[in-house]
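Undergrad: Take a look at this one; I'll ask things after.
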Amino acid sequence: MSQVFKGQSSLVISLDTGIDLASAINQKILFARPNGEKGEWTATKSGTILSYQLQAGDINRDGMWSFQAYAEIAGKIHFGEIVQRLFLKPLK
């Protein structure tokens, strides 16, 4: 899917961390909304990937969103690259 929309909940945010997450005890996807508000979602891990299934209301603003992987492994904190995605305003 090339375009994604505000209010859409049929999406999964997946970020490849490049590191083995098998022993991660705390994994999240951090986000920043277009207005600068920040938050986090608890992510599921699989290999090197962190994922989060969007829920209704999660993407509540159109514009450019930023996402970043976060994991705690053996007492150390790991951050992934910041990924940006544009969410458009739907016609409805």
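The values are calculated or read from the model by the stated rules, or taken from the named source; none is laboratory data. Predicted model only: the values in this text are computed from it and were never measured. Here Cβ is always computed from backbone atoms with ideal geometry, including for glycine, and neighbour counts include all displayed protein chains. We work out accessible area using only protein heavy atoms, side chains counted, and drop any ligands, DNA or RNA first. Shrake-Rupley method; radii C 1.70, N 1.55, O 1.52, S 1.80 Å.
Undergrad: Along the charge dipole of the chain, pointing to its positive end and built from +1/-1 on Cβ of Lys, Arg, Asp and Glu, which listed residue (Gly75, Phe31, Gly57) has its Cα farthest out?
TA: Gly57
Undergrad: Across the chain, what fraction of all alpha-carbon pairs, as a whole percent, falls in each successive 5 Å bin from zero upward?
TA: Percent of Cα pairs in each bin: 3, 14, 25, 25, 16, 10, 6, 2, 1, 0.
Undergrad: Highest GNM mean-square fluctuation, the chain, Cα pairs closer than 10 Å: which of Ser51, Ser66, Ser23?
TA: Answer for the Gaussian network model of the chain: Ser23.
Undergrad: Any idea how far apart Lys38 and Asn26 come out in nm if each label point goes 7 Å out from Cα toward Cβ?
TA: That separation, rounded to one decimal, is 1.5 nm.
Undergrad: For the chain, which whole-number percentage of the solvent-accessible area (1.4 Å probe, protein heavy atoms only) is attributable to carbon and sulfur atoms?
TA: Carbon and sulfur: 52 percent of the exposed surface of the chain.
Undergrad: Considering only the other residues whose Cβ falls under 12 Å of the Cβ of Gly47, what net charge follows from Lys and Arg at +1 and Asp and Glu at -1?
TA: -1
Undergrad: Over the range 7-48, how many percent of alpha carbon pairs lie in each 5 Å bin up to the one with the longest distance?
TA: The distribution over the range 7-48 is 5, 17, 25, 26, 14, 10, 3, given as percents.
Undergrad: Could you report the range 7-73's accessible area per residue, 1.4 Å probe, as an integer in Å²?
TA: 50
Undergrad: How long is the gain from Ser2 to Glu81 if the chain were fully straight, where each residue apart is worth 0.36 nm and the alpha carbon distance is subtracted?
TA: My answer for the length gained is 26.4 nm.
Undergrad: Moving on. If the chain between Lys89 and Glu72 were fully stretched, how many nm would it gain, using 0.36 nm times the residue separation less the Cα-Cα distance?
TA: Length difference between fully extended and current span is 2.6 nm.
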